[in-house]
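These notes concern the structure reproduced below.
Please treat every number below as a calculation from the coordinates, not as lab data. Only a predicted model underlies this, so the values are computations on that prediction, with no experimental measurement involved. Cβ: placed from backbone, ideal geometry, glycine included. Neighbour counts: every protein chain shown.
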Amino acid sequence: MPSKKFFVVDFDSTFTKVEALDILGEIALKNHPEKEERLQQIADITNRGMEGGLDLRESLTQRIQLLDAHRDHIEDLVKALKKKVSKSVERNKEFFENYADRIYIISNGFSDFIIPTVTSFGVREKHIHANSFVFDETGKIVGFDEDNVLSTNGGKVEVLRKLKLQGDVYVIGDGYTDYEIKAAGLANKFFAFTENVSRDKVTEKADHITPSLDEFLYLNKMNTAISYPKSRINVLLLENVHPRAVEILREEGYKVDIHAGGMDEDELCERIKNVSILGIRSKTQVTKKVLDNANRLMLIGAFCIGTNQIDLEECLKKGVAVFNAPFSNTRSVVELAIAEIIMLMRAIPDKSAAAHQGQWLKTASASNEIRGKKLGIVGYGNIGAQLSVLGESLGLDVYYYDIVEKLALGNATKCKSLDELLSLSDIVTLHVDGRPENKDLIADREFDLMKEGVIFINLARGHVVEIDALKRNIDSGKIRGTAIDVFPHEPKTNDEEFVSPLRGAKNTILTPHIGGSTLEAQKNIAEFVPGKIMEYVNTGSTSNSVNFPNLQLPAFVNAHRLIHVHHNVPGILAHINQVLADHNINILGQYLKTNETIGYVITDIDKAYDRELISTLRGIEHTIKFRVLY
């Protein structure tokens with residue numbers, strides 16, 4: 001018969017995100033002239049004590065003297081602590097309720113604030129062992145009960161000895177005093193809790209480092225709040241993804257690695273092993289070879305608009321969902337296009353370059369207003385449509401062409417063909433996607449159709465313009481002004497030299513693929529893409545995925561969600577439901593969507609089921625990926 005398990009949990013920086021005395025200091029010293037200095041001293045003393053570098057009693061004495069706290073402050077402290085319970089503790093409240101008879105809170109903190117904080121989670125008051133404050137006649141905190149063994153070094157060990165727990169004892173904490181319980185032979189294992197703080201002198205002593213309570217419960221086969229610890233989900237972010245994205249994903253609990261530049265195919269093939277989530281921008285190519293080496297990849301987040309750098313079809317075959325940010329940098333690209341149109345119509349690049357060389361080209365020659373000019377927009381998606389609206393507001397006559405039927409905004413005129421648009425436009429600007437069919441969309445033939453003295457702008461994709469043909473038309477004067485932001489071959493990092501035939505071309509603006517690179521756009525992208533990532537991981541929702549069938553799923557409560565990705569062949573849904581019927585499973589909700597390659601089935605079921613069900617569903621023929629959420 002297996003031994004009974006007992007769980008000893010620390011309070012400060014484990015049950016809660018913070019050290020309670022630090023928060024008490026912020027409350028008590030709110031208007032104190034030495035507030036910042038004292039708070040820093042309190043934090044330093046706390047850290048020294050947690051790492052075993054300071055006598056506990058001395059630590060308590062010094063901090064209480066610095067606090068200048070009163071009994072009246074404790075109520076505010078408790079309110080603050082209840083809002084600062086560790087995320088994974090909050091998420092696993094059911095664990096504390098279900099094992100209330102086996103969970104002990106043992107802390108060198110103070111019962112005055114610990115008891116009201118943890119008993120709301122179902123922890124029994126008699127299982128809470130902590131120090132207690134001593135107050136003077138005015139209610140000021142002047143010390144602590146020195147007879148309490150927890151006010152001395154080794155106090156937690158003594159408490160465990162007196163408890164005489166009969167069974168296996170697991171200790172979860174962030175401090176050296178928690179490790180001492182294991183060192184004294186009174187615990188089977190010590191789990192260093194690092195969700196809030198990680199101390200090298202503590203983690204090096206641990207049997208296991210547990211970044212969250214989810215990890216601890218998973219290791220001990222007790223997880224009920226989530227199906228898989230987020231700390232075990234490896235995220236690789238490339239190409240200087242905005243720090244906000246890193247922050248969001250780390251707050252969610254993922255293990256996040258970042259890499260400043262892009263990676264070539266061989267390097268990415270090596271680095272992508274054991275990665276569950278890949279985040280890239282426009283430089284990194286996710287090829288079939290890369291995907292063949294991606295043994296755990298669930299999804300790719302493209303922190304940009306385009307996804308032509310990703311083999312979407314191969315992702316689909318391997319059950320890898322792809323998300324991008326189709327709207328987040330629209331305004332930034334449009335503003336750059338407007339600015340470049342004005343600059344080129346005034347021949348500003350050449351005049352600016354001449355001024356830098358000491359030449360004074362004060363002339364109206366080759367300088368025009370944009371009002372009344374014909375703006376031809378190739379590609380009427382999010383960017384093209386917004387450019388249409390802003391362009392018209394500036395007095396431009398707007399024409400557009402798209403291979404998909406798009407409703408004209410404002411007074412814009414739809415052209416029947418690309419040739420028609422090219423032949424009538426004073427300004428041609430490209431805003432098409434990166435599909436292979438768009439390679440060399442604009443080459444010698446298309447330049448021949450354009451007006452003499454046309455303004456030409458490409459903020460779309462590098463491969464849609466034949467660069468040598470563009471250079472010939474700039475040199476001949478056919479094109480009077482050019483702005484190019486994207487190129488067939490771009491440096492992988494800022495340290496590489498940019499090489500292009502367009503360098504030095506007259507009245508030409510060359511920018512390093514920064515159409516969407518504004519702080520506002522990057523922040524929008526950094527919040528949008530992680531949101532889609534977390535939604536897919538947490539609920540299975542594929543809304544806005546560029547390759548998966550799109551399903552916007554309702555929240556699931558008191559259920560387990562089965563996610564089944566399979567090749568789109570007849571009979572899979574019937575097979576899934578037959579398996580569920582054979583196991584007497586009650587279906588609470590079911591959702592199915594397919595495309596030409598895969599089927600995506602979501603089934604919500606009651607929590608109670610035979611574990612054999614999972615292996616049977618995984619084993620259904622034509623299954624690509626299967627996972628369980630709860």
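Shown for the stretch 375-479 is the translational diffusion coefficient from the Stokes-Einstein equation, using the Kirkwood radius over Cα pairs, a temperature of 4 °C and a viscosity of 1.567 mPa s: 94 µm²/s. Highest average first, the peptides 248-254, 80-86 ordered by how many other beta carbon atoms sit within 10 Å of their residues are 248-254, 80-86.
Estimated purely from DSSP H runs of n ≥ 4, each contributing -39500 (n - 2.57), the mean residue ellipticity at 222 nm for the chain is -10000 deg cm²/dmol once divided by its residues. If R0 is taken as 35 Å, the Cβ-Cβ distance between T152 and A225 corresponds to a FRET efficiency of 0.45.
The angle between the Cα long axis of helix 467-476 and the main principal axis of the chain comes to about 50°, on a 0 to 90 degree scale.
Note on E26 and A100: their simple-model spin labels are 3.0 nm apart, each label 7 Å out from Cα toward Cβ.
Of the residues I348, P436, T363, the one whose Cα sits farthest toward the positive end of the charge dipole of the chain, with +1 on the Cβ of Lys and Arg and -1 on the Cβ of Asp and Glu, is P436.
Can you give the extra length, in nm with one decimal, that the chain gains between T119 and K79 once fully stretched, where that is 0.36 nm per residue apart less the Cα-Cα distance? Fully extending the segment from T119 to K79 adds 13.0 nm. Angle check, please: helix 330-345 long axis (alpha carbons) against the longest principal axis of the chain (alpha carbons), in degrees 0 to 90, nearest 10. Helix 330-345 and the main axis of the chain meet at about 30 degrees. Mark the label point 7 Å from the Cα of D207 along Cα→Cβ and return the residues of the stretch 142-178 whose backbone N is within less than 13 Å of it. Hits in the stretch 142-178 for D207 at 13 Å: 167-173.
Taking the Cα centre of the stretch 330-517 as origin, sum charge times position over the Cβ atoms of Lys and Arg (+1) and Asp and Glu (-1), and report the length of that vector in debye to the nearest 20. Spell out each step's value before the answer.
Values: 22 positive and 26 negative charges, 105 e Å.
Dipole of the stretch 330-517, to the nearest 20 debye: 500 debye.
Taking max minus min of the alpha-carbon positions on each principal axis, the chain gives extents of 94, 71, 44 Å, largest first.
Sorting 492-503, 383-394 by their mean Cβ neighbour count within 10 Å, with the most densely packed peptide first, gives 383-394, 492-503. For the chain, the dipole from Cβ point charges (+1 on Lys and Arg, -1 on Asp and Glu) about the Cα centre works out to 800 debye, to the nearest 20. The slack between D419 and V557, meaning 0.36 nm per residue of separation minus the straight C-alpha distance, is 44.1 nm.
Restricting the calculation to Cα atoms, the stretch 554-629 yields a radius of gyration followed by a Dmax of 11.6, 34 Å. Measuring between alpha carbons in the structure, the pairs from K439/K523; K162/K182; K230/K625; K17/K93; K4/K93; K288/K439 lying more than 22 angstrom apart are K439/K523.
Between T138 and V579, the distance separating the two model label sites (each 7 Å from Cα on the Cα→Cβ line) works out to 7.1 nm.
Think of the chain as a dipole: +1 on every Lys or Arg Cβ, -1 on every Asp or Glu Cβ, centred on the Cα centre; then among Y170, T307, L421, L421 lies furthest on the positive end.
Taking other C-beta atoms within 10 Å as the exposure proxy, E204, E340 rank E204, E340 from fewest upward. Panel order for V557, V579, V118, by other beta carbons found within 10 Å of each beta carbon, from fewest to most: V557, V579, V118.
Think of the stretch 109-186 as having a plus end and a minus end, set by charges on the Cβ of Lys, Arg, Asp and Glu; of I114, L160, A130, L160 sits farthest toward the positive end of this dipole. In a reduced charge model with +1 at each Lys and Arg Cβ and -1 at each Asp and Glu Cβ, the stretch 5-219 shows a dipole moment near 620 debye about its Cα centre. DSSP finds beta bridges in the chain, and of those with both partners inside it, around 30 percent are antiparallel.
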